[in-house]
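In what follows, a structure is listed as structure tokens, so that the remarks can point back to it.
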Amino acid sequence: MDVLGDFQLTSVSGRITEHALRGAVDFAAAPAQMRSLLGPLALLPGTWKGRGFNQIWRPFHGSQDRFLELNETIETLEFEEIPGDIPNRGLLQADVNLHGVRYLQQIQDAHVLGPNGKLAGIHIEPGLWLSTPETTDPQDPPTVARLANIPHGTSLVAQGTGAPRNGGPEIQPVNITPFVIGDPNNKIPFPETDLSAPSQFRTPPGDIPNVTQAMVDNPNSVLTNAIAGHNIISTTILRVSTTPLNPPTSGGGTSNIAFLKGTGDGPNADVVQVEAIFWLEIVREPNGAIKHQLQYTQTVLLNFNGLSWPHVTVATLEKH
């Protein structure tokens, strides 16, 4: 690495054993996972596959300023553990060792074909998840961070917390209504969100055969429906943001290429904020077998034409 230090290629025993998984009903102790070098990231290494839902207000260069794109999605998310310590050199306190995983996220449309006759690609994202121990300067508990690069021309650092809980996740509703920049309570609704009203400025119904009004009203309903009736015995919650979560102090932010930021006339589509929650779930199936499930919801704010436009992506994935 650079001035932060070199990788120390030592062995890492950060994965959870089957014995620990089967004993995870009482997750308050969580010894195997929370004491591993990866901390709350310990379940991530491996390949996860599943389906989800994507919604984005796209800037539209034409007779109006917006187009509401909706996608049913197929996703693969691969994580690989970084094999050793990542020393971060300290000046205001002693050095700390980070641990983490690198990942590659690939999302395709579940129905729409691309020019090559295969399912159209929607998103590809390489990045890192890092686990940071407790620090004294800043005075923070252990934290996690996601470092992501998106081909549209955005890079981001989102930092936050990782914590276990017994049982399944508590998934709150999410709203896709745009709002005046800097004033989230000043929401501006648009007719494209009403699926019963035909619109040339929304994805054609034939491309989204299973999308319902309930999904548009609250994309997180896709997540709650996916786990209805599941016996989730424990969940690790990774919550990260590009804006400070207090606590922890948390760093982070977004950086965009010039085209996205635009000029004095305003941005084309400036990515100003990213909020995400990942739920790593241990599920006991009816036959007693244990499976690992990953759910996430992510909201990206795109600023253009005086408004912040929520871009929400959700998915439910299983480890293979």
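The values are calculated or read from the model by the stated rules, or taken from the named source; none is laboratory data. Every value quoted in this text rests on a predicted model; they were computed, and no experiment measured them. Don't worry about glycine lacking a Cβ; one is built from the backbone with ideal geometry, like all the others, and counts go over all protein chains shown. What goes into the accessible areas is simple: the full protein's heavy atoms, side chains included, and nothing from ligands, DNA or RNA. Shrake-Rupley method; radii C 1.70, N 1.55, O 1.52, S 1.80 Å.
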Sequence order, the range 292-302: Karplus ³J(HN,Hα) from phi using 6.51 cos²θ - 1.76 cosθ + 1.60, θ = phi - 60°, Hz rounded, Gly and Pro as x, gives 10, 10, 10, 10, 8, 10, 9, 10, 10, 9, 9
Can you give the FRET efficiency to the nearest 0.05 for residue 95 and residue 155, using r as the Cβ-Cβ distance and R₀ = 25 Å? 0.45
Using the Kirkwood formula over every pair of different C-alpha atoms, what hydrodynamic radius in Å results for the range 93-191? 17.8 Å
Cross-chain or 8 or more residues apart, Cα under 26 Å: how many lysine pairs in the chain fit that? Count them up, please. 6
Accessible surface, the chain, averaged per residue in Å² (probe 1.4 Å): 48 Å²
Neighbours of residue 212 by Cβ distance under 13 Å: Lys/Arg at +1, Asp/Glu at -1, summed charge -3
Stokes-Einstein D for the chain, Kirkwood Rh over Cα pairs, 20 °C, 1.002 mPa s (µm²/s): 102 µm²/s
Taking the Cα centre of the range 47-93 as origin and charging only Cβ (+1 Lys, Arg; -1 Asp, Glu), how large is the dipole, in debye to the nearest 20? 200 debye
Which order do 95, 270, 183 take by accessible area at a 1.4 Å probe, largest first? 95, 183, 270
Dipole-positive endmost among 186, 294, 84 within the chain (Cβ charges, Cα centre): 294
